[in-house]
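Here it is: the structure, laid out below.
The values are calculated or read from the model by the stated rules, or taken from the named source; none is laboratory data. Just so we're clear, the structure is a prediction, and the values are computed from it rather than from any experiment. Cβ placement follows ideal geometry from the backbone for every residue including glycine, while neighbour counts extend to all protein chains displayed. The area values use the complete protein model at the heavy-atom level, side chains included, leaving out ligands, DNA and RNA. Shrake-Rupley method; radii C 1.70, N 1.55, O 1.52, S 1.80 Å.
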Amino acid sequence: MKFSLNIWRQKGPDEKGSFMTYEARDVSAGMSFLEMLDGVNQGLIAKGEEPVAFEQDCREGICGSCSLVINGIPHGPDRGITTCQLYMRRFPDGAAITIEPWRARAFPIIKDLVVDRRALDRVMQAGGYISVNTGGAVDGNVLLISKDQAETAMDAASCIGCGACVAACKNASAMLFVAAKVSHLALLPQGKPERTRRVKAMLGVMDREGFGSCGNQNECEAVCPKGISVRFIAALNREYLRAGVVELGLPAEPESPHAESA
Amino acid sequence: MMKLDPRIPAGPLETKWDRHRFSEKLVSPNNKRKITVIVVGTGLAGASAASTLGQLGYQVECFCFQDSPRRAHSIAAQGGINAAKNYQDDGDSVGRLFYDTIKGGDFRSREANVYRLAQVSAQIIDQCVALGIPFAREYGGQLANRSFGGVQVSRTFYCRGQTGQQLLLGAYSALCWQIERGQVTMRPRTEMLDLVVIDGQARGIVVRDLVTGRVSVHTAHAVVLATGGYSNVYYLSTNATGSNVTATYRAWKQGAAFANPCFTQIHPTAIPPGDAHQAKLTLMSESLRNDGRLWVPKAAADYRSPGDIPAAERDYFLERRYPRFGNLAPRDLASRAVKAVCDEGRGIGPGGHGVYLDFADVIDQQGLDVVRERYGNLFDMYQRITGEDAYHAPMRIYPAPHYTMGGLWVDYNLMSTVPGLFVIGEANFADHGANRLGASSLMQGLADGYLILPYTIGHYLATAKLISVGEDHKESRAALQRVTNRVGRLLNAKGHRTAASFHREVGKLLWNHCGMSRNEEGLKSALTSIPSLREEFWRDVMVPGSGEIFNQELEYAGRVADYLEFAELLCHDALHREESCGAHFREEFQTDEGEPQRDDSRFSYVAAWEYREGASPTLHKEPLAFEFVAPTRRSYQ
Ligand SMILES: Cc1cc2nc3c(=O)[nH]c(=O)nc-3n(C[C@H](O)[C@H](O)[C@H](O)COP(=O)(O)OP(=O)(O)OC[C@H]3O[C@@H](n4cnc5c(N)ncnc54)[C@H](O)[C@@H]3O)c2cc1C
Ligand code: SF4
Ligand code: FES
């Protein structure tokens, strides 16, 4: 197979970028999208030209490194997968393919298709944790957690922090990412004591980092490689309202024996 | 002259660790604030260590080459983590986990370390639950378990097929907390390229900022390496493409002994390699062997489709060879059994590099839904990569390099032969001997990082005499110069070949001569080919661009250059070990049935290699004394 690639090239953060066209030849249907790009890069390097910079590491859809907008869609045309899980059999022979980086105010471009996603780490640092010291934890079975609850927490915890949700959103909002973490921790008894502070802190930093607000378009869910549901955004909004109520000194809903007191 | 002192506490096995902890000196809280520790790596080992050290009050500087600590290779671990909780009441105990691990490692690990690992294992689970890790649960709300290869109890805790991800995100969240508190300074996209040793003590590292290309020295009171394994020396492996040997190899050149480099684990169940452009191999979790049955046709060159081959003409070779463990035979034995049937011409699929992993029986007995619930994500992954539907035809699988038991030598305190240089996680050699059991690397990484290193490093910091040093110390400057020279050499070669082409070549050489089975002739021929390949690399490699920019090819070429040296060390070790043990199978040393023949009289030791400039590495031996278990022939039949 062969393809005509239209790739965004940009030398550095402050340089002007543009699309360049490359031919990908001798591609087989069983090659992954990134292996196809490897092939193009090998050709460029052998000629002494700088290869196209892009991110990848695990190549199995779990590390969240890979981050390409393919024909306008973060992670490409298929739902529920990352860029590295896309195979060339998905494209008709001879097709033209456009490849761009994540574009969002909070994700400045470093080079070509590589962006700086540290803003997501800073959102996590604001409160995406349970502040428990190492050592001295009680036995893991002391607090029972129903299977359903654990499964729902796991659904939310599956987020790989890739940022596709941000790249897909017109407002470049990180709501789905934040919602996943806040919901994961709020669903578990261990996460409840800090839930009020957590949601406010994480949303505060999200705003400060230049992520936009949620416009309820659900583009994020459509591109999320882990199928994180927008229902978690609803849960996030509820958490946020709840935090407001608690901060007013009013009792939060008596929904579980572990709910904190104000 | 290098001296190997394992510093194993005397006395009964069960109380060694407690007594040791009690006798260790502590650093006072006031002094901790004045102490800086460098942690390189943010996988399970590095993230858990950095966060715990930060919590204890040390100033921590933490490094990783990915753009975020959360993306370390540990994220990809699928199957689970072991712990001797005995929640299933199936006869598990600290003693049994200890014994399984020692035996699984073919009696090539240290009793005291392994016992400690088993002892702290239960505490790891508690810690992880406290951090909010959503482990699988039973309907009653208790933690669920499953079984894994090489053992007869059910002691593996898991989060669907994403256990590594959840454990790492837990450790990462603990790290985030310490970053927020100002205890840890995180430096992502920063690669360690050398170690700074001053007055015989590890006092810093040289790093390259991968975004700006700036090379600089960071000094500290101690350095912790948690940089993972080196399976990628084989080019194709199940590891993330960025995993590499550079940090540990550079430390080796500065005086840290490298132990048992030839103990490399080849995992039996990966998706078979496809075409020449393939960049990595994808693991199919070992948990699949709980229900899947491995087989090949009885006759060679039987090209019928699997459904047309009647049961009587199939060879369920693991069940035949290891009736007691069947399809759950340990990894090393399973991989070699696969290789054996493929060598007989009975392999299936392209090039005969494959065997079937068949779920038809369990689907028959328990239904498609049960199998879908258990392994759905793995079957999906398989389909995406191969385009085949494993619910209706058996999977094809083939062994792949996966994990490295070898690593930098460490004593009981996890300190290398360079004082002040600690090594944790897959990067060290400890605990797994000549073969690692499934689900025990995550356990070891977190044991080292959360529960062991934070104690043992304290004793060193409380007792070592440490002068104040900085970037301008002459050793710092010398180390910086080494790195700058090397980067320059890579950029100036301006040859015709890509670094990947060399990587592929050295990988293939190792796979053929130092892979699943090894022999003297092959190893010797590899040892003559590697130096000339290395010379060609330095003459003919092409690295475009400059050093002062974000330059991924430069990063990669540096790693390949190290593989081209390290490959030689690996082969030296494999050549000298004239026995078969665990993952190290020397064809000359096997029984009539093809089972490995260990030689305790000559090789019951850890092989620790010392770097010598311009000469072959020097071998040092740490004898393994078995006081509490008697090494037996490791039989799973
Ligand atoms: C596909 C797969 C599945 C697995 N499944 C399981 C399982 O189910 N159970 C189990 O117990 N084990 C499993 N393993 C093994 C286990 O995942 C690893 O052994 C373990 O995660 C290693 O952890 P680590 O912390 O030692 O290193 P890693 O997670 O490899 O982390 C290395 C860190 O070091 C950093 N680093 C490396 N070099 C440098 C440098 N020069 N400069 C700066 N930073 C550097 C990296 O950035 C990274 O942060 C699996 C492995 C694979 C490949
Ligand atoms: S929510 Fe989905 S798209 Fe967004 S970062 Fe997480 S995994 Fe990626
Ligand atoms: S490379 Fe890790 S998710 Fe794609």
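Please report the spacing between the Cα centers of region B:73-119 and region A:117-169 in Å, no decimals.
Here the two parts' Cα centres lie 27 Å apart.
Rounded to the nearest 0.05, what FRET efficiency is calculated for residue B:214 and residue B:311 with R0 set to 51 Å and r the Cβ-Cβ distance?
After rounding to 0.05, the efficiency reads 0.20.
Let me ask something additional. Skipping prolines and chain starts, which residues have an amide H placed within reach, meaning under 5 Å, of the one on residue B:259, given they are 5 or more residues away or on another chain?
Here B:407, B:408, B:409, B:609 satisfy the definition.
List, in order, the whole-Hz ³J(HN,Hα) value for each residue of region A:128-139 obtained from phi through the Karplus relation with A = 6.51, B = -1.76, C = 1.60 and θ = phi - 60°; use x for Gly and Pro.
Whole-Hz 3J(HN,Hα) from phi for region A:128-139: x, 8, 10, 7, 10, 6, 6, x, x, 5, 6, 4.
Can you give the average number of partner chain beta-carbon atoms within 10 Å of each beta-carbon in peptide B:306-313, as a whole number? Before the final figure, lay out the partial values.
Details: counts 0, 0, 0, 0, 0, 0, 0, 0.
Mean partner shielding for this stretch: 0.
Once A and B are treated as a pair rather than alone, how much accessible area drops out, both sides summed, in Å² to 100, probe 1.4 Å? Before the final figure, lay out each step's value.
Numbers: alone 13580 and 24150 Å², together 31580 Å².
In total, chains A and B hide about 6200 Å² from solvent.
How high is the relative contact order of region B:282-348, given as a whole-number percent (alpha carbon pairs under 8 Å, six or more residues apart)?
40
Nearest 5 percent is fine: what portion of the DSSP beta bridges confined to the protein assembly as shown is antiparallel?
70
Something else: Just to be sure I understand the model, the point goes 7 Å from the Cα along the line to the Cβ. What's the resulting residue B:152 to residue B:525 distance in nm?
Those two pseudo-labels are separated by 4.3 nm.
Can you tell me, using C-alpha contacts under 8 Å and at least 6 residues apart, the relative contact order of region B:268-401 as a whole percent?
Once divided by the residue count of region B:268-401, the mean separation gives 34 percent.
Continuing with the same structure: Show B:527, A:248, B:117 ordered by accessible area, largest first, where the area counts protein heavy atoms only and the probe is 1.4 Å.
From most exposed to least exposed: A:248, B:527, B:117.
Within region B:282-341, report the chymotrypsin sites (Phe, Trp or Tyr not before Pro) that DSSP leaves as loop and that have at most 15 other Cβ atoms within 10 Å.
For chymotrypsin sites (Phe, Trp or Tyr not before Pro) across region B:282-341 that sit outside H, G, I, E and B with at most 15 neighbouring Cβ atoms in 10 Å, the list reads B:303.
Grab the other residues whose beta carbon is less than 11 angstrom from that of residue B:4, score K and R as +1, D and E as -1, and report the net.
-1
Lys and Arg at +1, Asp and Glu at -1: add these up for the other residues within a Cβ distance under 15 Å of residue B:385 and post the number.
-1
Next up: Between residue A:147 and residue B:185, how many nm apart are label points set 7 Å from Cα along the C-beta direction?
Roughly 5.0 nm, to one decimal.
Please figure out what share of the DSSP beta bridges in region A:3-111 is antiparallel and state it in percent, rounded to the nearest 5.
Details: 13 of 17 bridges.
Counting DSSP beta bridges with both partners in region A:3-111, the antiparallel share is about 75 percent.
Which residues' amide hydrogens lie under 5 Å from the amide hydrogen of residue B:348, considering only partners 5 or more residues apart or on another chain, with H built in the peptide plane?
For residue B:348, whose amide H was placed from the backbone, the distant partners under 5 Å are B:354, B:355.
So between residue B:5 and residue B:28, what do we pick up on full extension, going 0.36 nm a residue minus the alpha carbon distance?
Length difference between fully extended and current span is 5.6 nm.
Here's something else I'd like to know. Please give the FRET efficiency for residue A:9 paired with residue A:78, using the beta carbon to beta carbon distance and R0 = 41 Å, rounded to the nearest 0.05.
0.95
Size of the dipole of chain B about the Cα centre, Lys and Arg at +1 and Asp and Glu at -1 on the beta carbon, nothing else charged, in debye to 20?
1460
Please report how far the C-alpha centroid of region B:443-462 lies from that of region A:194-217, rounded to the nearest whole angstrom.
First find each Cα centre; the distance between them is then 36 Å.
Only loop residues by DSSP count here, and only those with at most 14 other Cβ atoms within 10 Å; note down the trypsin sites (Lys or Arg not before Pro) in region B:323-432 that meet that. Before the final figure, lay out each step's value.
Working: sites: B:324, B:331, B:336, B:339, B:346, B:372, B:374, B:384, B:396; in loops: B:324, B:346.
Here the sparse-neighbourhood loop sites are B:324.
How much of the DSSP bridge set in chain B is antiparallel, in percent, rounded to the nearest 5?
Antiparallel bridges: around 70 percent, rounded to the nearest 5.
Per the 1.4 Å probe, what fraction of the accessible area of region A:28-88, in percent, lies on carbon and sulfur atoms?
Of the solvent-accessible surface of region A:28-88, carbon and sulfur hold 49 percent.
Going through region B:85-167, which chymotrypsin sites (Phe, Trp or Tyr not before Pro) have at most 10 other Cβ atoms within 10 Å and a DSSP loop state?
Within region B:85-167, the qualifying chymotrypsin sites (Phe, Trp or Tyr not before Pro) (loop, at most 10 other Cβ atoms within 10 Å) are B:139.
If I take every Cα pair under 8 Å that is 6 or more residues apart in chain A, average their sequence separation and divide by the length, what percent do I get for the relative contact order?
Across chain A, relative contact order equals 18 percent.
Could you pull out every whole DSSP H run in chain B that spans at least 20 Å of Cα extent along its own axis and averages -1.0 or higher on the Kyte-Doolittle scale?
Taking the DSSP H segments of chain B (at least 20 Å long, mean hydropathy at least -1.0), we get B:111-130, B:163-180, B:368-386, B:474-492, B:499-513, B:520-540, B:552-576.
Under the rule of at least 5 residues apart or a separate chain, name every residue whose amide H is placed under 5 Å from the amide H of residue B:156.
B:146
Right, next: Mind giving me the FRET efficiency for residue A:240 and residue B:462? R0 is 51 Å, r the Cβ-Cβ distance, nearest 0.05 is fine. Display every interim value, and only then the final one.
On the way: r = 46 Å, r/R0 = 0.91.
Efficiency computed from Cβ-Cβ geometry: 0.65.
If you roll a 1.4 Å probe over the heavy atoms of the protein chains, what accessible area per residue do you get for chain A, in Å²?
Accessible area per residue, chain A: 40 Å².
Same structure again: At what distance in nm do the modelled label points of residue A:49 and residue B:512 sit from each other, each positioned 7 Å from its Cα along Cα→Cβ?
In this crude spin-label approximation the distance works out to 3.3 nm.
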